[in-house]
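What follows is a set of notes on a single structure, which appears directly below.
Values in this text are rule-based calculations from the coordinates and carry no lab data. Because the structure is predicted, anything quoted here is derived from the model rather than measured. Using ideal geometry, Cβ is built from the backbone for each residue, glycine included, and neighbour counts are taken over all protein chains shown.
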Amino acid sequence: MKRCGVILEPQADLGEKALSNAGAYLLGDEILLLIRVDSDSESHIEWTVFDPKTKKVSRIHKPLIKPEGEEIGCEDPRIVFLDEPIQKFVITYTSVAPNGKTKKIRPYLALTTDFTKFEKKPIFNFQDKNAVFFPELINGEYWLLHRPLSLWPLSIWLTHSKSLNSFEKGEILFDPIYPWEGHRVGAGPPPIKTEKGWLLIYHGGKLSKARFPNKTYSLGVALLKSDDPRQVLSRCREPILKPEEDYEKNGLVPNVVFSCGAVLQDDVVDVFYGAADTCIAWASYTLDELFGYLDLN
């Protein structure tokens, strides 16, 4: 594994408090990053292009998906392109709105062909987040990972449907069981298809009663069966990435690494992650390194 460092930081002169949790999609030699931008009043999603060879970042500084109506936040985007049957980019994100003394948190999907017009709709009508689509249909159906917020422990769920307009809650894919996962796990980037199965990078969150600063989010990896992702072939006992660097340990929310985007090129997986909920960093793994965390015997 190679930590490649911070690639994006908030610009205070633009009123930015944090940049984090970028979705990622490979476009030729460049990588489209959909970044979460937080200010004091709201959060939105922006388009950014990253060149991994030169490490050059090109920001547009214009909201791509922004709060509407009662919303105060659009957070944590993931992106896939579904070739068949719809030939559209599918972006999932978390919508945040006031709800009395609490917040209404629901996953949305946004369909687009050109990143100028979006067809947006809620996926569920209950409290939920970390919605992530598989990048292709499996057995003629759309498959979706997500995490209901009303059930404890907070587990990764899996559902599938022949239509993007109707999803049931589905079933638990797996619960947090290892010490580093604490009492919550959640899907990260869209699963990556490999010869061995679907490679799922996910996060685990260990909280104390004090919450801050005793809160640690780390990344792990699991392998799901290619033709039936309900079957977990293996998952890591130890995290593949945990907060160790200063930019991961100190920030708006200390001790957090949280990923929504990863791309596979030539057996190398580039993982983009929010560090301490403040900046966006990059780590690189070979497929063999990631498989090495799993028991594949």
Cα-projected label distance for PHE115 with ASN139, points at 7 Å along beta-carbon direction, nm: 3.5
Match the structure shown to one of the listed values (i) 1.07; (ii) 1.23; (iii) 0.93 of Rg/Rh (Cα atoms, Kirkwood Rh), computed from it, and give that label. (iii)
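Which of the residue pairs LYS215/LYS249; LYS193/LYS249; LYS2/LYS55; LYS193/LYS242 have a Cα-Cα distance greater than 21 Å in the structure shown? Working shown, then result.
On the way: LYS215/LYS249 10 Å; LYS193/LYS249 31 Å; LYS2/LYS55 15 Å; LYS193/LYS242 24 Å.
From the list (LYS215/LYS249; LYS193/LYS249; LYS2/LYS55; LYS193/LYS242), the Cα-Cα distance tops 21 Å for LYS193/LYS249; LYS193/LYS242.
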Filtered hits (aspartates and glutamates, Cα-Cα < 17 Å from LYS225, offset >= 8 within chain) -> GLU136, GLU141, GLU171, GLU195, ASP295
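First measure r as the distance between the Cβ atoms of ASN99 and ARG237, then evaluate 1/(1 + (r/R0)^6) with R0 = 51 Å and state the FRET efficiency to the nearest 0.05.
On the way: r = 38 Å, r/R0 = 0.74.
Once rounded, the FRET efficiency stands at 0.85.
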Give the separation of the Cα centroids, segment 20-90 to segment 103-152, in Å. 15
Less than 19 Å from a label point 7 Å out along the Cα-to-Cβ axis of THR194: which backbone N atoms in segment 130-161 qualify, by residue? 134-136
What nm distance separates the two modelled labels at VAL6 and PHE126, each placed 7 Å from Cα along Cα→Cβ? 4.0
Could you pull out the longest piece of the chain with no exposed loop GluC sites (Glu not before Pro) in it, calling a site exposed if DSSP puts it outside H, G, I, E, B and it has at most 12 other Cβ atoms within 10 Å? 71-167
Out of PHE126, PHE115, PHE50, any idea which swings most in a Gaussian network model of the chain, alpha carbons joined below 10 Å? PHE115
Give me the distance in nm between label points sitting 7 Å out from Cα along the Cα-to-Cβ direction at VAL49 and GLU168, one decimal. 4.4
